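S.K.: My structure is below; once you've seen it, I'll send some questions.
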Amino acid sequence: MQASFAHALLETDLPEVDEHGRFNVYRNNLRITLRNALRTTFPAVEKLVGEDYFSALTLLYVERHPPRSPIMTEYGHDFAAFLSGFSPLSDYPYLADVARLEFARVQAYHAADTHNFRMDSEASAIAALDIRAMLHPSVTVVVSENPALSIWRAQLEPDATPLIPDATETAIIWRQDDLVTEMLAHADDALLLRHFAQSQTFAALISEFPDDPSVATLIARFINLAIAGIIVPTHTPIEGEMK
Amino acid sequence: MSGAHSTMSVFAPNAGPNGLPPGVGIGLKRAHCEALLADPSLVDFVEIHAENFMSAGGPNLILLDRIAEAWPLSIHGVGLSIGGKERLDREHLHRLRKLIDRTSPASFSEHLAWSSHDGVYFNDLLPVVYDTPTLNRVIVNINEAQDFLGVRMLLENPSTYVAFSASSWHEAEFLQQIAQSTGCGLLLDVNNLYVSCYNHDWSAQDWLSHITLDLVGEIHVAGHEAIQDAEGQTLLIDSHGDPVGEPVFELLEHVITRGGIRPVLVERDNDIPPLSVLLQETDQVRQIIERTAYAAVL
């Protein structure tokens, strides 16, 4: 009974058993509540494609990618990939990147807490270079061949800086002081973000190329990312660190 | 406003068996959090949906702690799929356990419904067949949930739009049997009862005569809307987005007159109105509680 009920909920055609059209209430309810969940997570995508188009898109998405978890803030994990593969939207490749960014913001809000580096003196900054570090659990890096972050901002912030059409943008999304934040990654950040995704020390990174003139820049960027709470120590605080 | 608290002697002895106060609560919505936290005395308890607070960290859990500090808390689950064909999702039970350990709620409740099948979560409370195999499955699931979570739970009666020809049990007897076998209590949603009675042409009085009202640890009131089905017949939908209807208030009064005063929750999940509108509904509930209490004293 439940198997056929479950199957019919996601089918496009109404089951013949629905004599009074009452089963349809369940079918509609499923689609409406899931559309609303996606609308909450992807407001900029909805603005970009328009409300009606978004509704139609979510119908397809719900049927192809129904939720796998009762936690609705996790729903939409595949929405960006779905948009990339949706051929009628192939002229708008930035939509998937905007969706990635919006999904990352929701995940960042709910991500685990951790301790930040203390960066209030030169000594504490130098000490941090030898401490094993990782990306904050809230961090997502969205690499886009489009100005995805600028496009997203333009949808939700009326005073956003005008975007540069052909720019590529790498955005870092994370939670800082309990607020979800996003910024454009600096050109040298990619290396650091890759390195610390592996839980390493900064010293291990520069040991690979000790004489490289870019080391000074990397140290500066590391300190910036640590102050922002994007790179954090992997273990509970000892001297030189704080919550 | 204080009448409900000054007439404790007329409350059923087991009112709020899981610790909710026998007053009026509200389903807590994000938009109203700060206003309510600024004056917690506006309501006697609050209810949250468990699945909205299963964050690993961050500001959501800070808010949860403030809520649990301010009121007796009712944690209301919507995703456990108690009536499902499959075993309970252990991962979800762990998440619930974490939430319960963190907040020590006054009550935990779930629904007589299923919402997951074959790995898909349908985000809805879907109807179960009232037959003996389902009954036995629900009993196993509730025993498992109560053992794992370390709390006695309340089970909510559903609102349904279809009935299964395979059902061989009366819904109320089905619930009564589950409660007796598992030791769980009941969450009587009088809106759901009204909606299901209307849709299936049942009598609410008859339905209520099949359950022991002492088992009821909490009552929900909510709104519903009327639509036309494919045959042009009126179908009531548990919209959770409409004001509480007069017949639902009447049913509430009937239940607490018969069974004693219970913690009553005003539930609104969609089309959230300003807090003042919801507080008018909690006032209406208070008036009913006070009226019932005075009648009992007289």
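S.K.: What's the average, rounded to a whole number, of partner chain beta-carbon atoms within 10 Å of each residue's beta-carbon in B:123-130? Please list the in-between numbers first.
M.R.: Details: counts 15, 9, 2, 7, 4, 3, 3, 0.
Per residue, the average neighbour count from other chains is 5.
S.K.: Another question, then. Mind giving me the FRET efficiency for B:D201 and A:A3? R0 is 35 Å, r the Cβ-Cβ distance, nearest 0.05 is fine.
M.R.: The calculated FRET efficiency here is 0.75.
S.K.: Non-local amide H neighbours of B:L235 (under 5 Å, H modeled in plane, Pro and chain starts lacking H): which ones?
M.R.: Here the answer is B:I227, B:Q228, B:D229, since their amide H atoms fall under 5 Å of that of B:L235.
S.K.: Could you check the simple spin-label distance between B:E91 and B:N136, using points 7 Å along Cα→Cβ, in nm with one decimal?
M.R.: Label at B:E91, label at B:N136, 3.0 nm between them.
S.K.: Using a 1.4 angstrom probe with every protein chain in place, what is the largest-first accessible-area order of A:V25, A:V143?
M.R.: A:V143, A:V25
S.K.: Let me ask something additional. Which far-off residues, 5 or more places away or on another chain, put their amide H under 5 Å from the one on B:L265, with H placed in the peptide plane?
M.R.: Sorted by chain and number, the residues that satisfy this are B:G25, B:I219, B:H220, B:V221.
S.K.: Right, another one. Suppose each label sits 7 Å from its Cα in the direction of the beta carbon; what would the B:T212-B:R152 distance come out to in nanometres?
M.R.: Inter-label distance under the simple model: 1.1 nm.
S.K.: Using the Cα centre as the reference, give the magnitude of the dipole from point charges on the C-beta atoms of the stretch B:121-225 (Lys, Arg: +1; Asp, Glu: -1; all else neutral), rounded to the nearest 20 debye.
M.R.: Around 180 debye, computed over the stretch B:121-225.
S.K.: In debye, nearest 20: dipole of the stretch B:3-297 around its Cα centre with unit charges on the Cβ of K, R (+) and D, E (-)?
M.R.: Its charge dipole is roughly 900 debye.
S.K.: Which one of B:D65, B:D44, B:D242 has the biggest mean-square fluctuation once chain B is modelled by GNM with Cα springs under 10 Å?
M.R.: Comparing B:D65, B:D44, B:D242 in the GNM, the peak value goes to B:D65.
S.K.: Calculate the spin-label point distance for A:L156 paired with B:A56, positioning each point 7 Å from the Cα along the beta-carbon direction, and give it in nanometres.
M.R.: Taking the two extended label points, one gets 2.0 nm.
S.K.: Let me ask something else about it. Which percentage, to the nearest 5, of the DSSP beta bridges contained in chain B is antiparallel?
M.R.: Details: 8 of 35 bridges.
Here the share of antiparallel DSSP bridges comes out near 25 percent.
S.K.: Enter the mean number of other protein chain beta carbons within 10 Å of the beta carbon of each residue in B:45-58, as an integer.
M.R.: Details: counts 0, 0, 0, 0, 2, 2, 6, 3, 2, 6, 8, 7, 10, 12.
Counting other chains' Cβ atoms within 10 Å and averaging over B:45-58 gives 4.
S.K.: If a/c stays under 1.5 just call it rounded; otherwise compare a/b with b/c (prolate if a/b is bigger, oblate if not). Do that for the stretch B:175-298, with a ≥ b ≥ c from the square roots of the Cα gyration tensor eigenvalues.
M.R.: Because a/c hits 1.5 or more and a/b fails to exceed b/c, the stretch B:175-298 counts as oblate.
S.K.: Can you compute the equivalent ellipsoid semi-axes for chain B, i.e. the square root of 5 times each eigenvalue of the Cα gyration tensor, sorted largest first and rounded to whole Å?
M.R.: 26, 24, 19
S.K.: Hey, with R₀ at 51 Å, roughly what FRET efficiency would B:E144 and A:E122 work out to, going by the Cβ-Cβ distance, to 0.05?
M.R.: Here the calculated transfer efficiency is 0.35.
S.K.: Something else about it: Show me, for the stretch A:131-141, the HN-Hα J-couplings you get by feeding each phi into the Karplus relation (A = 6.51, B = -1.76, C = 1.60, θ = phi - 60°), rounded to Hz, glycine and proline as x.
M.R.: Karplus values, whole Hz, x for Gly and Pro: 9, 4, 9, 9, 7, 3, x, 8, 7, 10, 10.
S.K.: Here is a follow-up. From the backbone phi of the stretch B:256-267, what are the Karplus-calculated ³J(HN,Hα) couplings (6.51 cos²θ - 1.76 cosθ + 1.60, θ = phi - 60°) in whole Hz, Gly and Pro given as x?
M.R.: Ordered by residue, 3J(HN,Hα) equals 7, 5, 6, x, x, 6, 10, x, 10, 10, 8, 10 Hz.
S.K.: Using a 1.4 Å probe on the protein heavy atoms only, what accessible surface does B:E91 show? Give it in Å² to the nearest 10.
M.R.: 120
S.K.: Collect residues whose amide H, placed 1.01 Å from N in the peptide plane, falls under 5 Å from the amide H of A:R22; neighbours closer than 5 in sequence don't count.
M.R.: B:A230
S.K.: May I pose another question? Other chains near B:73-81: what is the mean number of their Cβ atoms within 10 Å of each residue's Cβ?
M.R.: Counting Cβ atoms of other protein chains within 10 Å of each residue's Cβ and averaging gives 1.
S.K.: Number of Lys-Lys pairs in the protein assembly as shown under 27 Å by Cα, sequence gap 8 or more or different chains?
M.R.: 4
S.K.: Continuing with this model, one more query. With the Cα gyration tensor of the stretch A:6-118 giving a ≥ b ≥ c as the square roots of its eigenvalues, does the rule (a/c under 1.5 for rounded; else a/b larger than b/c for prolate; else oblate) give rounded, prolate or oblate?
M.R.: Oblate shape, in that a/c is at least 1.5 and b/c is the bigger or equal ratio.
S.K.: Probe radius 1.4 Å, ligands and nucleic acids left out: can you give me the accessible area buried at the A-B interface, summed over both chains, in Å² to the nearest hundred? Could the numbers behind the result be given before it?
M.R.: Values: alone 13840 and 12730 Å², together 23410 Å².
The buried area between A and B, both sides summed, comes to about 3200 Å².
The values are calculated or read from the model by the stated rules, or taken from the named source; none is laboratory data. Treat the numbers as computed from the prediction; the structure is a model and nothing was measured. As a convention, Cβ positions derive from the backbone with ideal geometry for all residues, glycine included, and neighbour counts pool all protein chains shown. For accessibility, only protein heavy atoms count, side chains too; no ligands or nucleic acids. Shrake-Rupley method; radii C 1.70, N 1.55, O 1.52, S 1.80 Å.
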